[in-house]
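Working notes, structure below.
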Amino acid sequence: MAGDITVVDDFEGAMISTGRVDGSRLFMGIRKEPVTKGYRLEFDYNLHFHFGIRNAGDGERTVEVLVDSTPDDELARDLRHLWVGERPDGPYRIAEVNGKMNDGFPVKYRFGLSLPPNSTIYVANFPPIPYDRLRKDLESKAERLNARRRVIGTSEEGREIVAYELGDVDGIRPLVFAAGYHPPEEDPVSISAIFDLLMDDGLRRDILKSMSLVFLPVLNPDGFANYMQGSNINGMNFHWHFFDSRGFSCREARVVWEYLERIAPSFFMDFHAFTFQSWDSRPYNIPVLYCASGPQRDVQRRVNGSLRSLCGGRYSVSEKILAPDLLVTALRRDLGTVVSPKFHVNWQDGPEGVKELSREAFEAVVRAFDGMDPGSVLFRPRGGTGKGLMLVMRWRFLDLYYLHLRPVLGRIKGKLSGGGGKG
């Protein structure tokens with residue numbers, strides 16, 4: 001009977017704004033947060049849902065779920081997998097579904113589910129992991145590694161933002177691996193997987209002979225604790241808008257920058273994840289002409305090539321990742337840090353696939369620095385020297401191409417070919 005089916009949204013971590021039942025159809029609305037305006041682009045992260053469905057009847061029921069969609073919407077893309085569990089706090093498993101979604105914004109979904117009798121199932125299009133579970137896992141592993149736990153500041157709601165340091169961070173410019181900008185991506189799991197790799201005492205000692213390491217696993221703790229879509233508690237997606245006209249877009253951005261400026265990392269990489277998307281894992285590559293020095297170019301070239309190889313040759317170069325209001329832009333321009341931004345794993349590959357690729361990416365970066373003094377890549381260009389002036393002129397020319405001319409050429413090419421494409 002129709003009355004046997006109800007929507008469950010009264011649990012911690014629910015991510016819907018509305019839910020109603022109409023016969024065998026369930027209509028859901030994604031809980032929205034503000035769209036962040038970055039440099040010449042807007043970033044809409046209102047993509048993810050998490051809710052429960054209760055079948056109080058004695059028979060199995062099949063329902064059609066429509067998320068921000070209607071039965072008449074034409075949805076062209078396949079939605080192949082969702083995450084399903086029997087408890088809101090997990091564990092969740094990947095389940096195959098026969099669903100559809102649109103290609104654009106706002107995102108719309110439609111899929112069917114079979115509900116066992118007298119049961120409640122919880123459904124999400126990302127792998128829900130409670131923040132406290134993530135935090136405790138990271139702290140436990142870091143303690144076993146004898147990593148220094150450094151509280152670098154607090155979030156808007158007062159949660160600690162933590163760096164874990166291994167080796168002589170003050171004497172050897174560190175390699176920094178970060179995660180945890182966008183909560184549903186659950187990419188702190190990548191840092192946890194690297195911690196597992198470093199449990200090998202021999203490997204860890206070999207790396208720390210010539211390098212130091214810093215891990216920033218959760219840059220946005222309020223976002224994770226409050227199940228935000230992609231922003232901090234005040235609605236700021238500070239990955240895409242780290243700096244603003246006042247200096248910093250939010251408290252978390254200031255905390256992270258002040259720490260990174262002090263330790264002057266030789267390398268910075270931030271992990272991200274595709275959740276429900278069918279896109280393959282890939283890095284964003286920084287063109288080597290942006291690099292300030294020969295050693296920096298050598299390492300950037302090695303990192304770019306190694307990460308592309310891990311991902312079957314796939315990579316992205318986009319004006320989005322070269323924008324002036326990003327953290328990685330300030331790192332490479334102000335410090336000469338080699339950066340590999342937004343390395344994307346894909347949860348469609350399963351938890352073990354995500355962990356394995358994260359470990360391989362870490363090892364590829366370490367190999368790129370093999371035999372090199374990490375500090376040799378650093379170069380502060382704002383010294384008033386002729387070399388600095390030439391470098392700034394080169395950056396302006398490259399920015400003119402990558403931030404302005406290349407996007408226009410891409411749009412023209414798309415129109416001529418009769419299609420669009422991902423940015």
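Quick one: length gained pulling residue 246 to residue 73 fully straight, 0.36 nm per residue minus the C-alpha distance?
That works out to 58.0 nm of additional length.
Once Rh is set to the Kirkwood radius over Cα pairs, what Stokes-Einstein translational diffusion coefficient, in µm²/s, holds for the chain at a temperature of 25 °C and a viscosity of 0.890 mPa s?
Estimated diffusion coefficient is 108 µm²/s.
Just need log10 I(q)/I(0) for the range 131-377 at q = 0.12 Å⁻¹, Debye formula, equal scatterers on the alpha-carbon atoms, no solvent, rounded to two decimals.
Treating every Cα as an identical point scatterer, log10 I(q)/I(0) equals -0.62.
Residue 398 to residue 9: FRET efficiency via 1/(1 + (r/R0)^6), r the Cβ-Cβ distance, R0 35 Å, to the nearest 0.05?
Plugging the Cβ-Cβ distance into 1/(1 + (r/R0)^6) gives 0.15.
Would you kindly work out the equivalent ellipsoid of the range 2-124 from its C-alpha gyration tensor and give its semi-axes, the square roots of five times the eigenvalues, largest first in whole Å?
For the range 2-124, the ellipsoid semi-axes come out as 26, 16, 13 Å.
Would you mind counting up the charge near residue 83? Only other residues with Cβ under 14 Å from its Cβ, with Lys and Arg at +1 and Asp and Glu at -1.
Once positives and negatives cancel, what remains is -3.
Which residues' amide hydrogens lie under 5 Å from the amide hydrogen of residue 154, considering only partners 5 or more residues apart or on another chain, with H built in the peptide plane?
Placed amide hydrogens put 161 under 5 Å from residue 154.
What does the extension gain come out to for residue 151 and residue 89, with contour length at 0.36 nm per residue minus their alpha carbon separation?
Separation in residues times 0.36 nm, less the Cα-Cα distance, equals 19.6 nm.
Could you check which residue among 185, 165, 42 shows the biggest mean-square fluctuation in a GNM of the chain with a 10 Å Cα cutoff?
Among 185, 165, 42, the largest GNM mean-square fluctuation belongs to 42.
Please give the residues of the range 210-251, grouped as numeric ranges, whose backbone N is less than 18 Å from a label point set 7 Å along the Cα-to-Cβ vector of residue 168.
Label zone hits: 210-214.
Label residue 254 and residue 143 with points 7 Å out from Cα along Cα→Cβ: what is the distance between them in nm?
Simple spin-label model gives 3.2 nm for this pair.
I'd like the trypsin sites (Lys or Arg not before Pro) in the range 283-392 restricted to DSSP loop residues with at most 11 other Cβ atoms within 10 Å, sorted by number.
382
What is the distance, in nm, between label points placed 7 Å from the Cα along the Cα-to-Cβ direction at residue 196 and at residue 119?
Inter-label distance under the simple model: 2.8 nm.
Rule-based calculations on the coordinates, nothing more; no lab input. As the structure is a computational prediction, the values presented were derived from the model and not from experiment. Quick reminder, even Gly has a Cβ in these numbers, built from the backbone with ideal geometry, and neighbours come from all protein chains shown.
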